[in-house]
Amino acid sequence: MSKVLIIGAGGVGRVVTHKCAQAPEVFSEICLASRRKSSCDNIASELKRPIHTAEVDADNVAETVALLKDFQPDLVINVALPYQDLPIMDACLEAGVDYLDTANYEPRDEAKFEYKWQWAYQDRFREAGLIALLGCGFDPGVTNIFTAYARKHHFDRIDTLDIIDCNAGDHGQHFATNFNPEINIREVTANGRYWENGRWVETGPLEIHRTFEFPEGIGPREMYLMYHEEMESLSRNFPEIKRMRFWMTFSEQYLTHLRVLQNVGMTRIDPGVHNGVEIIPLQFLKTVLPDPGSLGKTTKGRTCIGIIADGEKGGERRVCYIYNICDHEKCYEETNSQAVSYTTGVPAMIGAMMMLTGKWRGKGVFNVEEFDPDPFMDELNRRGLPWTEVFLPEKPAPIAD
Ligand code: NDP
């Protein structure tokens, strides 16, 4: 029986709130807070049980502390934007509350994300006797847990890891992003990077791409090598892994629109003056693009996110593929959200459950792969994200090099 404060009433916040509300045995009292209370009330009206709602500007530490002292939660689930990670962690320290998020901190003025800013809170959380769990969405999150699970049960040693994220859904729009457009476009237009023999190898943005045959009828899709944040913690926690890469699928249509937007300067994050008013082009673009939270109604198709690990067990080589397939329309039926928000929100709720039921405990700042993956993997099957594991005779050709 615990009280939880969810901050951020966007696409992911909607799913987290729905899923926490479905588990009253763990989340006995819920408060959803966001910059606009109306966003929270809108989500609250969809639920079968009452929750509290509140307005908070999470960039403002004092405001968040006041809310924490008033509601007195056992845990904060931060599903606002990566910019709010540090102020919310500061507020948790001041009010003595545990913390969980799904994306690592990013400064507003530079398209760059790194764990160093949040890992620097290690001593402060440890000394306060609190726990901060970082990156508990799908990727990062479940992909880290799949890796920890594979290592625990199937390998003495993992040599290579390929994380593969496919959204084979169609939302019927010319151009839209599956989660916050500003964060998504900053991520996709950045240089690629992968981990090899103890160092990062940099590539141009989306420079390396391969065609991968996705399972269970999804079929062939073009996937692009990108940098993704889970590789930073996985390379630290599994230093044996010689090469680690992250791949994401994009449609030709998405990439063509993105290229044009980039070419005309609409993805820039430095300010420009328009009619005497200073604007940041990417933030203006976000305003005119479809809200990802509104895409659920029209999105059809499935997502398939997983890992392919290659290594050794008992002196024999093994290749193991663990993945989840999630159907956009089923997610919408259950939570009024499409599968990208769903696959992020469900793991955030499960991570919170692990912390609040004492299955994952500790003092300090942690990434999810540092805990026992088994209870989390069980809950994935129970809470809407069942997974499949298959042993392959060899690494699939597109990632065999
Ligand atoms: P949205 O833009 O849909 O939602 C973010 C919400 O945060 C908005 O509704 C907004 O509230 C609220 N918000 C913004 N600024 C503040 C603030 N200063 N104080 C309080 N609330 C604020 O984004 P998503 O739901 O798509 O993404 C949420 C998070 O999940 C992001 O950090 C994203 O990077 C992460 N993510 C992680 C993934 C993973 O697999 N690990 C995958 C996808 C997303 P309001 O409506 O009230 O203005």
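Each reported figure results from applying straightforward, stated rules to the coordinates on display, with no laboratory input. Computed from a predicted model, the values in this text were never measured in an experiment. Heads up, the Cβs are rebuilt from the backbone with ideal geometry, glycines too, and the neighbour counts pull from every protein chain shown.
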Charges on Cβ only, +1 for Lys and Arg, -1 for Asp and Glu, centred on the Cα centroid of the chain; of I164, I280, A66, which one is farthest towards the dipole's positive end? I164
Please get the size of the charge dipole for the chain, origin at its Cα centre, with Cβ charges of +1 on Lys and Arg and -1 on Asp and Glu, quoted in debye to the nearest 20. 320
Before rounding to the nearest 500, sum -39500 (n - 2.57) across all DSSP H runs of length at least 4 in the chain and divide by the residue total; then give [θ] at 222 nm in deg cm²/dmol. -10000 deg cm²/dmol
Separation of the stretch 2-55 and the stretch 328-380 by C-alpha centroid, Å? 16
Taking N as the residue count of the chain, its alpha carbon Rg divided by 2.2 N^0.38 Å gives 0.94
For the chain, build the charge dipole from Cβ charges (+1 Lys, Arg; -1 Asp, Glu) around the Cα centre, then report which of G301, N178, A128 sits farthest towards its positive end. G301
The rounded separation in angstrom of the Cα centers of the stretch 114-162 and the stretch 179-198 is 18
Summed side-chain charge close to G169 - residues other than G169 whose Cβ falls under 13 Å, Lys, Arg +1, Asp, Glu -1: +1
Let me check I've understood the local charge: for S251, count other residues with C-beta under 9 angstrom from its C-beta, Lys and Arg +1, Asp and Glu -1. What total comes out? -2
The stretch 1-45: which trypsin sites (Lys or Arg not before Pro) are DSSP loop and have at most 16 other beta-carbon atoms within 10 angstrom? R36
What size of dipole, in debye to the nearest 20, comes out for the stretch 33-134 about its Cα centre when the only charges are +1 on Lys and Arg C-beta atoms and -1 on Asp and Glu C-beta atoms? 280
Report, in listed order, any pair from K313/K359; K152/K359; K19/K330; K37/K286; K3/K297 with a Cα-Cα distance greater than 22 Å. K313/K359; K3/K297
For K363 and D156, compute 0.36 nm times the residue count separating them, minus their Cα-Cα distance, and round to one decimal in nm. 71.7 nm
Would you mind checking the radius of gyration and Dmax of the stretch 2-158 based on alpha-carbon positions, in Å? 16.1, 51
First measure r as the distance between the Cβ atoms of F175 and L392, then evaluate 1/(1 + (r/R0)^6) with R0 = 41 Å and state the FRET efficiency to the nearest 0.05. 0.70
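Would you please give the FRET efficiency between E213 and E63, computed as 1/(1 + (r/R0)^6) with r the Cβ-Cβ distance and R0 = 56 Å, to the nearest 0.05?
Details: r = 50 Å, r/R0 = 0.89.
According to the calculation, E is roughly 0.65.
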